[in-house]
Amino acid sequence: MCNNNTGACSRYKFIYYLVFFPAELSDRFLVVSSSSISCIEQNLRAMAAISKSATPVLKDELDIVIPTIRNLDFLDMWRPFFEPYHLIIVQDGDPSKVIKVPDGFDYELYNRNDVNKILGPKASCISFKDSACRCFGFMVSKKKYIFTIDDDCFVAKDPSGKEINALEQHIKNLLTPSTPFFFNTLYDPYREGTDFVRGYPFSLREGVPTAVSHGLWLNVPDYDAPTQLVKPLERNNRFVDAVMTIPKGTLFPMCGMNLAFNRDLIGPAMYFGLMGDGQPIGRYDDMWAGWCTKVICDHLGLGVKTGLPYIWHSKASNPFVNLKKEYKGIYWQEELIPFFQSVALPKDCTTVQKCYLEISKQVKAKLGKVDDYFNKLADAMATWIEAWDELNPSKGTVALSNGIAK
Amino acid sequence: MSHISIIDDEVDIVVGALQPDLSSFMEEWKPIFSRFHLIIVKDPDLKEDLKIPDGFNMDLYTKSDIDRVMGSSSTAISFSGYSCRYFGYLMSRKKYVICFDDDCVPARDSNGCIIDAVSQHIANLATPATPFFFNTLYDPYREGTDFVRGYPFSLRNGVDCGLSCGLWLNLADYDAPTQVLKPDLRNVRYVDAVLTVPSRTMMPVSGINIGVNTELVGPAMLPAFQLVKEGKIRWETVEDIWSGMCVKVVCDHLRLGVKSGLPYVWRKERGDAIESLRKEWDGVKLMEDVVPFFQSVRLSKEAVTAEDCVAEIAASVKEKLGPVNPVFARAADTMVEWTKIWKRVRRPSKVQRQ
């Protein structure tokens, strides 16, 4: 993973050796004798300069996946930031409706007919009449990174009034390591202007690869229906200028509104479940994907970041409609959380797919008795993996190696 | 959110004086400190008299007080340098103890307003913590925010908060190698968040700016881990890191919370990182053994108070880390000694396991 941030890695390696093996220094890092402090200083500063490079655009390595049932007018506001990228539009709802994509964007669009055609009987695992259908876009993408955003999310401004390039921040988050094993009190140590604090062990300062970047929302926050009913007017006005790694062993509610991930590292885990039409539950799609993803990331030694970037969430959905959708989820999650907190994946689960199938087995065994829905969900999870592997052949998502040719 | 009524009588502010002239420090903090009772502990190694302005409700403790209270145990525990503040915890009779290093002054937030760091610590300590599930909008009890969709309702009551760890603008709490690497690095980023550090996740607790609920975790704030060549500069100490990890293990076991984030203080320049670089950094090296130990230590069901927990941690330190380095064996002995002294001088901690 050091190829992502060579400057930072070699800097910490250097300090590690300086502290623990000073005699070896001159062989490894310094041209002249390491006995001169000013020489060390000069070398350290030179290394610091290397790591200050601009964020890569990743134009040909990233797809933007947008589920929509309404329209794509919001893309006009995002144009300066999104135009270089390929879009995958997943049209939910009535396939005969024509959804116009604003001019100038390079895109592919899939409606329900396309989903059925491409997946055949396996299309049953893709939700209908729910933004969960977005995961179809993850599956058909051929890129390394995915950024997904809802069609009611707009460009936010930071406290100085500057427009936030959310995609650039997600890329920064994904291209720098995570630190899940020990909490850094100054948050993401790889951000400019900060570092690891005193007491942070040097052996943990290289971090692990980042699989997920979870962004937040200004204006309408992502509350559940009961909270929306109690506080219909509450708006999130607090800009928290931090990115942080969610520690290993800790679960979180992952929101799909403003999310990016490394498809090679964790793609198959981003299944958004069975929601919407014909299903007893809604608005738990991203939650489900998030819990599975976090368990697998923890097992495979990958990182999940949360915090920046912010987008501006404009639409407050109807809390009564939401309550109907979430109702079962609210009390089911009391069973789901202990389940996910105690999932143990065997050592031989070395790929995301193997981990995911193991989770689906345990869902069937332990959650089937909560409701028959979980039996169907477990089957759908297995179908999803089958479909994923069919559409993404010979590109194993083994977490820590990268030598497999495209 | 309901207004938190802070009873000033429940708060002590403890300051360890490592420099003789506290005038500017005290003047800068006066608007914030003046309501509260202060405990100032003079570093027993400091020869000069302290210069403290009038107008504060305070008690001052010096080497002679330390010797008197410690009695026959006076050689067992060192209160030298930054560790002098632990004597302040021992002497306090209050529920909440807030502590700042003497090279810190009040900071300003992004609107330019002076931050009342004491009130923020108290707010952190007096509102619940949420260590079992991460809330992506950070502390849900702060005004203007809440739990997000997907946060289980059964966990929304939270648990009591034992420790509040604040941060630093200007000179952040970096170790010496980092200071040398980035000599111009100043922390200018004001992160407007408080969050609970999740259960079973370890972190480096900095003693520069903290608040403690002594009824919950008091005995775990201990001056046990001191380096042979410990200096008077923060990056040459690790006593607070060790103490913080003990507190975190205690909190995780007793189902209490530890918060991190606001408040910020403004930390002034002191010391020369390059000079420190010339010394051996025992602390940095020892952290490689310390961290895996604390990440894996587990306490028994019978440990239901902070004292019980500290005793078990000490035994485990002696058994597992003692053989690695004599400084650990000494730390274990000091922890046991500290618990005895704490019991003798203070009330035992009230809290049972939740």
*Quick one: order B:Arg200, A:Arg205, B:Arg344 from most to least accessible surface, probe 1.4 Å.*
B:Arg344, B:Arg200, A:Arg205
*Reference-scaled alpha-carbon Rg (2.2 N^0.38 Å with N residues) for the protein assembly as shown*: 0.99
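With +1 on each Lys and Arg Cβ and -1 on each Asp and Glu Cβ, and nothing else charged, work out how big the dipole of the stretch B:1-146 is about its Cα centre, in Debye to the nearest 20.
Value, rounded to 20: 340 debye.
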*Among A:Phe182, A:Gln341, A:Gly301, whose Cα lies farthest out toward the positive end of the dipole of the protein assembly as shown, if unit charges sit on the beta carbon of Lys, Arg (+1) and Asp, Glu (-1)?*
A:Gln341
*How large is the accessible surface per residue of the stretch A:55-395, computed with a 1.4 Å probe and reported in Å² as a whole number?*
35 Å²
*Springs between alpha-carbon atoms under 10 Å, Gaussian network over chain B: tell me which of B:Ser154, B:Ser164, B:Ser296 tops the mean-square fluctuations.*
B:Ser154
*Evaluate the distance, in nm, between pseudo-label points positioned 7 Å from the Cα of B:Arg35 and of A:Ser342 along their respective Cα→Cβ axes.*
4.6 nm
*Report the label-to-label distance for A:Arg235 and A:Lys315 in nanometres (one decimal), using points 7 Å from each Cα along the Cα→Cβ vector.*
1.8 nm
*Do any trypsin sites (Lys or Arg not before Pro) in the stretch A:146-183 lie in a DSSP loop with no more than 10 other beta carbon atoms within 10 Å, and if so, which?*
A:Lys162
*For the stretch A:150-208 and the stretch A:97-129, what is the separation of their C-alpha centers, rounded to whole Å?*
33 Å
*Which percent of the accessible area of the stretch A:55-395 is formed by carbon and sulfur heavy atoms (probe 1.4 angstrom)?*
54 percent
_1.4 Å probe, heavy atoms, protein only - residues of the stretch A:300-347 losing at least 10 Å² accessible area vs chain alone_ = A:Thr306, A:Ile330, A:Gln333, A:Glu334, A:Ile337, A:Gln341
*Evaluate E = 1/(1 + (r/R0)^6) for B:Ile114 and B:Ser24, where r is the Cβ-Cβ distance and R0 equals 22 Å; express this FRET efficiency to the nearest 0.05.*
0.90
*Please get the size of the charge dipole for the protein assembly as shown, origin at its Cα centre, with Cβ charges of +1 on Lys and Arg and -1 on Asp and Glu, quoted in debye to the nearest 20.*
1040 debye
*Whole Å is fine, so just give me how far the alpha carbon centre of the stretch B:63-136 lies from that of the stretch A:374-394.*
53 Å
_Net lengthening on full extension, B:Lys301/B:Ser64 (0.36 nm per residue, minus Cα-Cα)_ = 81.3 nm
*In the stretch A:235-276, which trypsin sites (Lys or Arg not before Pro) are in a loop and have at most 15 other Cβ atoms within 10 Å, using DSSP for the loop call?*
A:Arg235
*Which percentage, to the nearest 5, of the DSSP beta bridges contained in the protein assembly as shown is antiparallel?*
40 percent
*What is the interface area between chains B and A, defined as buried accessible area summed over both chains with a 1.4 Å probe, reported in Å² to the nearest 100?*
5900 Å²
*Would you work out what percent of the accessible area of chain B, with all protein chains in place, is carbon or sulfur (probe 1.4 Å)?*
50 percent
*Given charges at beta-carbon only (K, R positive; D, E negative), |dipole| of the stretch B:70-159 in Debye*: 360 debye
*Whole Å is fine, so just give me how far the alpha carbon centre of the stretch B:153-176 lies from that of the stretch A:223-252.*
17 Å
*With the solvent-accessible surface defined on protein heavy atoms using a 1.4 Å probe, which residues belonging to the stretch A:156-186 display a reduction of at least 40 Å² in accessible area in the multichain context relative to the isolated chain?*
A:Phe182, A:Phe183, A:Thr185, A:Leu186
*With the other protein chains left in place, how much accessible area per residue, in square angstrom, belongs to the stretch B:93-345 at a 1.4 angstrom probe?*
30 Å²
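Give me the extension gain from A:Glu192 to A:Leu391: residue separation times 0.36 nm, minus the current Cα-Cα distance, reported in nm with one decimal.
On the way: separation 199, 0.36 × 199 = 71.64 nm, distance 3.88 nm.
That pair, A:Glu192 and A:Leu391, stretches by 67.8 nm at full extension.
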*Does a label point 7 Å from the Cα of A:Lys361, set along Cα-to-beta-carbon, have any residues of the stretch A:299-315 with amide nitrogen under 15 Å, and which are they?*
none
_Can you say what percent of the DSSP beta bridges in the stretch A:55-395, counting only those with both residues inside, are antiparallel? Round to 5._
40 percent
_FRET efficiency for A:Asn113 and A:Glu168, using Cβ-Cβ distance with R0 set to 30 Å, rounded to 0.05_ = 0.30
*With a point put 7 Å past each Cα toward its Cβ, work out how far B:Lys47 is from A:Ser96 in nm, to one decimal.*
9.6 nm
*Please arrange A:Lys294, A:Lys366 by accessible surface area, largest first, computed with a 1.4 Å probe and ligands excluded.*
A:Lys366, A:Lys294
*Please give the net charge around A:Ala260, taking every other residue with its beta carbon less than 14 angstrom from that of A:Ala260, where Lys and Arg add +1 and Asp and Glu add -1.*
0
*May I ask what percent, to the nearest 5, of DSSP beta bridges between residues of the stretch B:93-345 are antiparallel?*
70 percent
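The values are calculated or read from the model by the stated rules, or taken from the named source; none is laboratory data. None of these values were measured; they are calculated from a predicted model. Glycine gets a Cβ as well: all are built from the backbone with ideal geometry, and neighbour counts include every protein chain shown. Please note that ligands, DNA and RNA were not included when accessible areas were found on the heavy atoms of the full protein model with its side chains. Shrake-Rupley method; radii C 1.70, N 1.55, O 1.52, S 1.80 Å.
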